[in-house]
1. Measure off 7 Å from each Cα along the Cα-to-Cβ vector at V45 and E6, then give the distance between these two points in nanometres to one decimal.
2. At a probe radius of 1.4 Å, what is the per-residue accessible area of D8, in Å² to the nearest 10?
3. Tell me which DSSP H helices of the chain clear both cut-offs, 20 Å or more of axial length from alpha-carbon atoms and a mean Kyte-Doolittle hydropathy of at least -1.0.
4. Report the full-extension gain for the segment D32 to V60: residue separation times 0.36 nm, less the Cα-Cα distance, to one decimal in nm.
5. So if a site counts as exposed when it's one of the trypsin sites (Lys or Arg not before Pro), its DSSP state isn't H, G, I, E or B, and it has at most 14 other Cβ atoms within 10 Å, what's the longest stretch of the chain without one?
6. Once Rg and Dmax of the Cα atoms in Å is worked out from the coordinates, which option in [x] 17.5, 53; [y] 21.0, 73; [z] 10.6, 32 does it equal?
7. Roughly to the nearest percent, how much of the accessible area of the chain is carbon and sulfur, given a 1.4 Å probe?
Amino acid sequence: AGRHGEADALLAAFVRARTPADAARLARHAPDWFAPRLLAAARAVSDVRHRELRHALRMVRA
């Protein structure tokens, strides 16, 4: 609680270091909390990473 900045920094590092599929699996644990933050981090990396993560998130839900 109250450490969203630190959490977002860690998620940004995670998105850069791991595959979109890994990030999507992480988001399954609390999708309403993780998915928006992971997508924002992916968008900051690149449009391609953002698109790949969006696709991976869809596949995990299917």
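The values are calculated or read from the model by the stated rules, or taken from the named source; none is laboratory data. On a predicted model such as this, the values are computed, not experimentally measured, just so you know. Note: ideal-geometry Cβ built from the backbone for every residue, glycine included; neighbour counts use all protein chains shown. Surface accessibility is based on the protein's heavy atoms, side chains included, excluding ligands, DNA and RNA. Shrake-Rupley method; radii C 1.70, N 1.55, O 1.52, S 1.80 Å.
1. 2.3 nm
2. About 60 Å², ignoring ligands and nucleic acids.
3. Values: long enough: 31-45 (21 Å, 0.47); 47-61 (21 Å, -1.08).
Helices meeting the criterion: 31-45.
4. 8.7 nm
5. Values: sites that count: R3, R18, R28.
Longest run free of exposed loop sites: 29-62.
6. It is the one labelled [z].
7. Details: 2350 of 4210 Å².
C and S fraction of accessible area: 56 percent.
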